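Here is the structure we will look at.
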Amino acid sequence: MSRALFFVAMAAWSCATSTRHDQDLLGEVRGYVEGIRWRRYEDSAVRIPPKEREPFLDERELVDEDLRIDDYEIARVKLGRGGRSAVVQVKYTWHLDSAGVVHESTVEQSWKREELGWFLMTEHLKRGEPMPGVEEKDGDEAGEGKGE
């Protein structure tokens, strides 16, 4: 009986740990996207590897005057094996003040869990209108390893 109880306890701990990592990741994704949406770029930058923060903030300055994020939705989260990496899709609704036309873009983000937490490693346009501040994926890489 004690052996069965041990396995039940281990399974419960494993599920709880996995859920905690998922929640940590979702919190970081939301923190990043909320920073972009509300133009609090420093809040987003802390979720990027340190050596890439200054270029990120410089790029955000360039698009800040015109780009407005109207809404977003975290559309898909796929946690990698071992819970140390993830692919997240975020659907943005946005417009440029200079044009006034509303667009939708789905952005795919790669996240990696390191000792200090989750960090956004890359993001690129998955589908929809090209969005300022988001790179378009090279044509030879498009769809590679993705089963959509």
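The values are calculated or read from the model by the stated rules, or taken from the named source; none is laboratory data. The model shown is predicted, which means the values in this text are computed figures rather than measured ones. Note: ideal-geometry Cβ built from the backbone for every residue, glycine included; neighbour counts use all protein chains shown.
So, in region 35-73, how many residues would count as being among the aliphatic types (A, V, I, L, M) and under 20 Å from Ser105 (Cα atoms)? Final tally of qualifying residues: 5. The residues of region 39-55 that are surrounded by 13 or more Cβ atoms within 10 Å (Cβ to Cβ) and in a helix (DSSP H, G or I), listed by number, are Tyr41, Asp43, Ser44, Ala45, Glu52, Arg53. Looking at Asp58, Asp22, just one residue is within 21 Å of Phe119 (Cα to Cα), in a helix (DSSP H, G or I) and at pLDDT 95 or above, and that residue is Asp58.
For region 24-45: of the residues being touching a Gly at 6+ places or on another chain (Cβ under 8 Å) and of a type in the set (D, E, K, R), which is farthest from Tyr92 (Cα to Cα)? Once the filter is applied, the top-ranked residue is Asp24. Of everything in region 78-117 that is among the acidic types (Asp, Glu) and part of a loop (DSSP other than H, G, I, E, B), the residue that is modelled with the highest pLDDT is Asp97. Scoring Gly83 on the criteria (1) in contact (Cβ under 8 Å) with a residue 40 or more places away in the chain; (2) more than 26 Å from Asp138 (Cβ to Cβ); (3) surrounded by fewer than 13 Cβ atoms within 10 Å (Cβ to Cβ) leaves a single failure, condition (3). Residues in region 86-109 that are of a type in the set (Ser, Thr, Tyr) and more than 22 Å from Glu42 (Cβ to Cβ) were compared, and the one that is surrounded by the fewest Cβ atoms within 10 Å (Cβ to Cβ) is Ser98. With respect to being in contact with an Asp or Glu (Cβ under 8 Å, 6 or more places away or on another chain), touching a residue at least 40 places away in the same chain (Cβ under 8 Å) and among the small types (Gly, Ala, Ser), Gly133 fits the description.
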